[in-house]
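These notes are about the structure you will find just below.
The values are calculated or read from the model by the stated rules, or taken from the named source; none is laboratory data. The structure presented is a predicted model; accordingly, all values stated were derived computationally and were not measured. Cβ placement follows ideal geometry from the backbone for every residue including glycine, while neighbour counts extend to all protein chains displayed. Remember, those area values only see protein heavy atoms, side chains included, never the ligands or the DNA or RNA. Shrake-Rupley method; radii C 1.70, N 1.55, O 1.52, S 1.80 Å.
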Amino acid sequence: MNEKWLVGVDVGGTTIKMAFVNHYGEIIEKWEIPTNIAEEGKNIPTDIAKAIDQKLVDLGQPQNKLEAIGIGAPGPVNSANGSLYVAVNLGWSNFPLKDRLEMETSLPVVVDNDANIAAIGEMWKGAGEGAKDLLCVTLGTGVGGGIIANGSIIHGVNGAAGEIGHVTSVPEGGAPCNCGKTGCLETVASATGVVRLGMHALETTTTPSVLREAYSDNEMITAKMIFDAAKAQDELALHVVNDLAFHLGLALANLSNGLNPEKIVIGGGVSKARDTLLNPLKEQFKRFAFPRVAEGAELTIATLGNDAGVIGGAWLAKEKMNQA
């Protein structure tokens, strides 16, 4: 059977994840290479092309086994020409990613934001279970997201739609965000944001807590420590997680009141807390969402992990070929 493969690529600041994926969304082979940010990242398309060629050789497959490439990168994308307006971590500014990669590989290429392709991956083969109206939020070092309406990712007028992490959660007196604003959801719901909430709780209360002991011993606490303590019913840790759930539940409810999604998928490292986060989050979401919106939405934990991006990239490639 001469089945063609799709190529999914997820460009990160440290590594580039790649996979050959079939038309059913099943990963045939996956691997990663270091991200070369030297010379303002200009060699990244060449590195990707060489890695794809080498993997075909390793698998004993011809060049014509591949049909198209779908790639995600960290930054707003110009949908018209597949360039990156900016990708600070890579050194890119108005970088013609689509053109460069097509030139290097002689394959059709479609480009989107990395959070968007992760959302698409979860929609296609993950926790989204094929839902056509879906919110995906990734809680990691920062807070990313993707919004899918009627089966299509929302890009907006200049590629900045889906910036869930920059919904304002603390209107006055909030912490500075890397985007230049203050009080963004990212400052209270990311891994670093959870730690910020934890430190604030330690500084402003006298509640006994294993976190207080841990900070006294190590002069630091982590998001994992906070969730582990909350799971063990530590009073102060539960307060911190409820504070996080309040901010995230409010933001997701407000977004959902506009979209009316079927699924809200929570991914990223913080989502490993699972029910310790999900249960209070569901309560706050229900509190703030329009009742009919709350009835229609299921909050769930992402299932694809680091594979979401490459699977989402493959879906983009498949759609491109279907439209050709």
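Annotations for the structure displayed:
- Unmet criterion (only one of (1) touching a strand residue (DSSP E or B) at 6+ places or on another chain (Cβ under 9 Å); (2) open to solvent by 10 Å² or more (accessible area, probe 1.4 Å); (3) polar (S, T, N, Q)) for S190: (2)
- Matching residues, the range 19-67, being part of a loop (DSSP other than H, G, I, E, B), open to solvent by 50 Å² or more (accessible area, probe 1.4 Å) and either touching a Cys at 6+ places or on another chain (Cβ under 7 Å) or within 25 Å of P96 (Cα to Cα) (or both): N36, I37, K42
- When residues of the range 225-241 are limited to those that are without any contact (Cβ under 8 Å) to a residue 40 or more places away in the chain and surrounded by fewer than 20 Cβ atoms within 10 Å (Cβ to Cβ), the one nearest to T207 (Cα to Cα): E235
- Residue selected from the range 78-88 under the condition farther than 21 Å from A49 by Cα and not aromatic (F, W, Y), by the criterion surrounded by the fewest Cβ atoms within 10 Å (Cβ to Cβ): A80
- Selection of first residues in the range 248-270 that are under 23 Å from T141 (Cα atoms) and surrounded by 20 or more Cβ atoms within 10 Å (Cβ to Cβ) and of second residues that are modelled with pLDDT of 95 or more and basic (K, R), restricted to Cβ pairs under 9 Å at least 6 apart or on distinct chains, gives the following pairs, ordered by first then second residue: G249/K282; G249/K286; G249/R287; A253/K286; A253/R287.
- Which numbered condition G75 fails, given (1) open to solvent by 20 Å² or more (accessible area, probe 1.4 Å); (2) in contact with a helix residue (DSSP H, G or I) (Cβ under 9 Å, 6 or more places away or on another chain): (1)
- The residue that is surrounded by the fewest Cβ atoms within 10 Å (Cβ to Cβ), among those in the range 89-108 that are without any contact (Cβ under 8 Å) to a residue 60 or more places away in the chain and of a type in the set (A, V, I, L, M), is M103.
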